[in-house]
Structure formats: structure tokens, C-alpha cells
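Working notes, structure below.
No value in this document is a laboratory result; all are computed from the given coordinates. Bear in mind the structure is a predicted one, so any value in this text is a computation, not a measurement. Quick reminder, even Gly has a Cβ in these numbers, built from the backbone with ideal geometry, and neighbours come from all protein chains shown.
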Amino acid sequence: MGTVAALPTEPAHPEGNRRDVAVDTLDTRILRLLIEQPRTSVREYARILGVARGTLQARLDRMEREGVITGTGPVLSPAALGHPVLAFVHIEVTQGHLDEVGDALAAVPEIIEAFSITGGGDLLTRVAARDNAHLEDVIQRLIRLPGVVRTRTEVALRERVAHRLLPLVESVGRAAAR
């Protein structure tokens, strides 16, 4: 059968606040394997877990349907793609223009992620750039978007905690085992 990869970042459910999803101990073991061994086949996962391949596939299908598993793709490095500068750009938007600005951000390839936020600003974007001059060009492009009032940029110096989901999966698993 095919290969299943690690879970990508999916911070918010498309319909807003998502309901609690029932994840049991077996689901947690499956998720751990997906994270730790993303290139393993479904058949091998079933063997490792000691469950029938059909059982495993049904669990995977359910977790995909419920939005627990949101994708199966490689995790890419912007730095290895020639974009080593990582910045977080806060964008303040003219009232009533959040959707339009959000849609326009999708046309900027250097924007890796964008979120509506509370606090200082309306949107928070994660931007990858080739160098500081390229970052400035991206910021200037953002400032020219209709509906953008101002931006504030913070450049990441060093990653202190890499993107991870395993500690969360393990915490959910411990709660499910109670």
C-alpha cells in the first residue's frame, strides 16, 4: 500500500473552533508512528502495532475525516530552498477589509502562513526571504496592498523549539488512557 507522512501544521479548523475529537490509545500509537516513521507503509504500521491492516486503515480514514490528520506530505525547509531569513509580519488592516487582505496574501509566495489574530494587529504572517533586502521588498509589497494600514516585522534569529506535535499527541494519549 502507499506511504503516509508526518502531520503538517494545521493550527485552526476551517470552520472555526473545532469540537473535541475522540482519540484513543490506539489512535495515539498510530499518530506517534506517523510522526516518528513518516515513510513507512500502512502494512508495516499495522505489523508494528499488532493490528489488522483494515483496522489501521479505518482508523487513518476516520482521523482524516475528523481533521486530526490534515495531510501527508514532506516537511520542507525554506532555508534549503534559498530563503533562510524567517520573519513574522504583523499586519494592521482597515476595518472591513480583513477578507480581501487575507485573500491577497495568498498571492505572495514568500508568505508561508497567515493567521487572523487578536492583540496588536489583525493578521500575523510567517515570511521566508532570501536575505534582508528581499524581506524589505516583500514588506513593501504588503504595505501596498489595498486595505493594509501598517506592518510591524520581527525577524527570527534562531529556532529554539522546532515544529513538533509529538508532545501534544502524547498528552492527548495520556488523557485518553485515563
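Distance between the modelled labels on ASP103 and ARG174, one decimal in nanometres: 4.5 nm (7 Å Cα→Cβ projection).
Spin-label model, ILE112 to THR40: label points 7 Å out along the Cα-to-beta-carbon direction sit 2.7 nm apart. Once the gyration tensor of the Cα atoms in segment 89-178 is diagonalised, the equivalent ellipsoid follows with semi-axes of 31, 18, 11 Å, ordered largest first.
From the alpha carbon centroid of segment 71-100 to that of segment 143-178 is 11 Å. Each eigenvalue of the Cα gyration tensor of the chain, multiplied by 5 and square-rooted, gives one semi-axis; in descending order these are 37, 19, 14 Å.
Once Rh for segment 76-139 is found with the Kirkwood sum over Cα pairs, what is the Stokes-Einstein diffusion coefficient at 4 °C and 1.567 mPa s, in µm²/s?
Estimated via Stokes-Einstein, D reaches 106 µm²/s.
Sorted on the mean count of surrounding Cβ atoms within 10 Å across their residues, most packed first, peptides 121-131, 63-73, 85-95 read 121-131, 85-95, 63-73. For segment 31-133, the equivalent ellipsoid derived from the Cα gyration tensor has semi-axes of 38, 19, 10 Å, listed largest first. Other residues within the sphere of radius under 14 Å centred on the Cβ of ASP61, judged by their own Cβ, net out at +1 (K and R +1, D and E -1). With contacts taken as Cα pairs under 8 Å at a separation of at least 6 residues, segment 43-178 carries a relative contact order of 26 percent. Placing +1 on the Cβ of every Lys and Arg and -1 on the Cβ of every Asp and Glu, with no other charges, gives segment 69-158 a dipole of roughly 220 debye about its Cα centre. The helix-based estimate of mean residue ellipticity at 222 nm for the chain, built from -39,500 (n - 2.57) per DSSP H run of four or more residues and divided by its residue count, is -11000 deg cm²/dmol to the nearest 500. Subtracting the Cα-Cα distance of THR72 and GLN95 from their residue separation scaled by 0.36 nm leaves 4.6 nm. Neighbours of ILE30, meaning other residues whose beta-carbon lies under 12 angstrom from its beta-carbon, give a summed charge of -1 when Lys and Arg score +1 and Asp and Glu score -1.
For segment 24-32, putting each phi into the Karplus relation 6.51 cos²θ - 1.76 cosθ + 1.60 with θ = phi - 60° gives couplings of 9, 4, 5, 4, 5, 5, 5, 4, 4 Hz, in residue order, rounded to whole numbers and with x for Gly and Pro.
Rounded to whole numbers, the Karplus 3J(HN,Hα) couplings from phi for segment 86-98 are 10, 9, 10, 10, 8, 10, 9, 10, 4, 3, x, 10, 4 Hz, using 6.51 cos²θ - 1.76 cosθ + 1.60 with θ = phi - 60°, and x at Gly and Pro. Along segment 158-165 the Karplus relation, 6.51 cos²θ - 1.76 cosθ + 1.60 evaluated at θ = phi - 60°, assigns HN-Hα couplings of 7, 6, 9, 9, 5, 3, 8, 10 Hz to successive residues, with x for each Gly and Pro. Compared with the alpha-carbon gap, the fully stretched path from ALA162 to ALA133 is longer by 7.9 nm at 0.36 nm per residue.
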